[in-house]
Amino acid sequence: MKTLLTILVLSFVLNTVLSQESHAQSISRIREQFNEVLQKENIYNGFFLLHSDRLGIHEQWVGGQFANEDMVTDRTPFHTASLGKTFTATTIAMLTDEGKLSFDDPAANYLPTEIIRGLHVIDGVDYGDQITIRHLLQHRSGLPDYFEDEPTSGENMMSLLFSEPERYWEPEELIQFTKQHFPARFVPGTGYHYTDTEYILLGLIIEQLEGKSLHKVFTKRIFQPLDMTLSSMHLRSEPIATPDYPMAELFLIWYEIPNPWKKVLKSSV
């Protein structure tokens, strides 16, 4: 989280200084700050891409070490985390362009009843049928976030990553987990709350319409056409080409998130 926030700050700094300094001076300043961040005790690796066709800028910086002290390089695969939501949103937009759905369609039109029933209840009223595709895309559904929200009982998913690191969660299990432990936050369309739960539902909608697993849809619609041969959905598939280097270690603050068993990956492809 801290690394992500730092990168966002660096991006903000870029926007504010470009008007006062030359591009070269601004880039040099930001790179110095990036290197300073990598020296902090709880920062283990970092990846930074700065690109602008209009300004003619393309800078790519990488740094850090593995636990065995091998260096992270610009050929090291890394986790993009919630940036993967852009793949889901893009695929939904493609399906909309193809006339297979509309942004204002109820999500319930494309999901099983057992998924929608009891998903969004406030004061005894179930609003599940009122959640639209647009609500899910824009984080305006009112659904809770199973990953970081405070549960009514038990632990959220961030905690379970450490207490049950080898458990493999199917999307339907995550939705059931959300229903059992987290209350809805507001009536659909009346507020904003960032939540991973919405994008689990969007992934299920894509699978329903495409008739195949989400990782296969991404490969066909995004990775192959864009020649993203080293990209894949973590724990679901392998990249089209074999990476030259191992995956960068993934941390939450200073805690490493262990990789689940390889057999879990193989059983899910």
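Bear in mind that the values in this text are calculations on the coordinates, not laboratory data. Nothing here was measured: the structure is a model prediction, and the numbers come from that model. Positions of Cβ are generated from backbone atoms using ideal geometry, with glycine treated the same way; all protein chains shown enter the neighbour counts.
Summary table
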{"read-out": "Rounded if a/c under 1.5, otherwise prolate or oblate - region 34-173, Cα gyration tensor axes", "value": "oblate"}
{"read-out": "Difference of contour (0.36 nm per residue) and Cα-Cα distance, residue 78 to residue 122", "value": "11.9 nm"}
{"read-out": "Ranked packing of 232-238, 164-170, 132-138, most packed first, by mean Cβ within 10 Å", "value": "132-138, 232-238, 164-170"}
{"read-out": "Summed side-chain charge close to residue 210 - residues other than residue 210 whose Cβ falls under 13 Å, Lys, Arg +1, Asp, Glu -1", "value": "+3"}
{"read-out": "Potential extension, residue 98-residue 49 segment - 0.36 nm per residue separation minus Cα distance", "value": "14.4 nm"}
{"read-out": "Gyration tensor verdict on region 159-226 (Cα atoms; rounded if a/c is under 1.5, prolate if a/b is larger than b/c, oblate otherwise)", "value": "oblate"}
{"read-out": "Under 17 Å from the Cα of residue 179 - aspartates and glutamates, other chains or at least 8 residues apart", "value": "114, 123, 126, 129, 145, 148, 149, 150, 155, 170, 196, 198"}
